[in-house]
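Worksheet: the structure to be examined is printed underneath.
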Amino acid sequence: MCSVISRVKPVQRALASTLRLRTNADGLNYAAAQSRRFCPGFITGAQPLWVTSRSYCARIATTDGLLFRQLFEVESSTYTYLLADADTKEAVIIDPVLETIDRDLKFVSELGLKLTVAVNTHCHADHITSTGLMKKRLAGLKSAISKFSGASADIHLKEGDKIPFGRHSLTVRETPGHTDGCITLVTGDQSMAFTGDALLIRGCGRTDFQQGCAKRLYQSIQEKIYTLPDHCLIYPAHDYLGQTVSTVGEERKFNPRLTKSMEEFVKIMNNLNLPKPNKIDISVPANLVCGLHHV
Ligand SMILES: N[C@@H](CCC(=O)N[C@@H](CCS)C(=O)NCC(=O)O)C(=O)O
Ligand SMILES: [Fe+2]
């Protein structure tokens with residue numbers, strides 16, 4: 001941390017130390033996520049500053065040579081993630097949505113990427129995946145989903161499987177509870193985890209339909225997500241409040257559902273009383289066949 005701070009000008013050094021004090025007072029362990037990345041606009045009105053943390057740089061990869069983009073679909077508030085090897089251009093897309101297929105494919109083409117795998121973190125209930133249609137548009141693209149999802153795909157994933165792209169890969173951690181086939185995808189250096197609808201920012205996936213089970217979800221999060229390093233960035237499949245990224249450490253501390261005992265968690269989940277997703281009746285059957293049932 002000191003070596004980074006010493007690189008900034010005196011006025012910026014003062015700002016950096018204020019930032020450190022403020023984050024410490026908030027109880028957030030940003031230092032654990034320290035990196036020498038440049039985060040323009042980190043403090044409103046301040047000059048760009050080298051900071052010791054990149055926790056708020058939601059759309060920049062932490063890993064050298066890893067291209068990363070977080071994309072958003074407004075109707076279902078879904079995040080789609082694009083990861084690529086910056087050198088070989090091999091790429092993976094996570095949770096692409098039918099409505100944004102043109103945007104996503106244009107982007108892939110603009111960046112000169114070779115999309116090899118389109119993976120769904122689970123059989124979504126609120127939107128239709130674009131995976132099937134994407135396969136029709138991109139020769140060689142393979143679809144992937146958990147073998148416990150009940151959905152058809154080229155690749156059926158299980159615990160410990162790796163999805164390689166160039167020098168990088170994503171490792172599968174099974175995190176059932178929202179559905180039987182929910183998976184979390186973790187980068188090789190455990191700096192990023194794509195948690196689907198298992199762990200959301202300050203929340204979690206509901207457990208009142210498909211094969212939902214609150215106890216299972218609690219265990220999945222404790223055993224498969226909270227065992228990742230505190231600085232590991234959490235990228236969920238949805239956010240309804242405009243939040244983009246969190247960390248394992250932050251969620252361990254501030255997630256209002258997961259800071260409870262399992263018994264309290266189950267009670268909370270059984271009393272959410274959320275309306276069913278608007279598109280559940282068309283999404284689930286469509287997603288069981290890669291989103292293609294209407295084509
Ligand atoms: N209103 C949305 C559906 C919102 C919803 O149910 N989201 C799910 C995740 C997608 S299956 C969820 O688990 N939410 C948890 C929560 O606490 O909100 C729609 O109609 O699509
Ligand atoms: Fe879901």
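The values are calculated or read from the model by the stated rules, or taken from the named source; none is laboratory data. Source: prediction; values computed, not measured. Virtual Cβ from ideal backbone geometry, glycine too; neighbours counted across all protein chains shown. We work out accessible area using only protein heavy atoms, side chains counted, and drop any ligands, DNA or RNA first. Shrake-Rupley method; radii C 1.70, N 1.55, O 1.52, S 1.80 Å.
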So Gln211 clears everything in (1) part of a loop (DSSP other than H, G, I, E, B); (2) within 11 Å of ligand 1 (Cβ to nearest atom); (3) within 22 Å of Val172 (Cβ to Cβ) except one condition, right? Which one? (2)
Check whether at least one residue in the range 123-138 is among the aliphatic types (A, V, I, L, M), open to solvent by 10 Å² or more (accessible area, probe 1.4 Å), away from ligand 1 (no atom under 16 Å from the Cβ) and assigned to a helix (DSSP H, G or I), and report yes or no. yes
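Being more than 16 Å from ligand 1 (Cβ to nearest atom) and either within 30 Å of Asn278 (Cα to Cα) or not charged (D, E, K, R) (or both) is the requirement here; does Thr187 meet it? Steps first, please.
Numbers: more than 16 Å from ligand 1 (Cβ to nearest atom): yes; either within 30 Å of Asn278 (Cα to Cα) or not charged (D, E, K, R) (or both): yes.
For Thr187, the condition - more than 16 Å from ligand 1 (Cβ to nearest atom) and either within 30 Å of Asn278 (Cα to Cα) or not charged (D, E, K, R) (or both) - is met.
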Which residue pairs have Cβ atoms closer than 9 Å, lie 6 or more positions apart in sequence or on different chains, and pair a first residue in the range 276-295 that is in contact (Cβ under 8 Å) with a residue 24 or more places away in the chain with a second residue that is of a type in the set (Phe, Trp, Tyr) and open to solvent by less than 60 Å² (accessible area, probe 1.4 Å)? Lys276/Phe209; Pro277/Phe209; Ile280/Phe209; Val284/Phe209
Exactly one of (1) touching a residue at least 40 places away in the same chain (Cβ under 8 Å); (2) surrounded by fewer than 21 Cβ atoms within 10 Å (Cβ to Cβ); (3) under 19 Å from Thr78 (Cα atoms) is unmet by Ile234. Its number? (2)
Only one of these is touching a strand residue (DSSP E or B) at 6+ places or on another chain (Cβ under 8 Å) and among the charged types (D, E, K, R): Lys136, Lys106, Lys142. Name it. Lys142
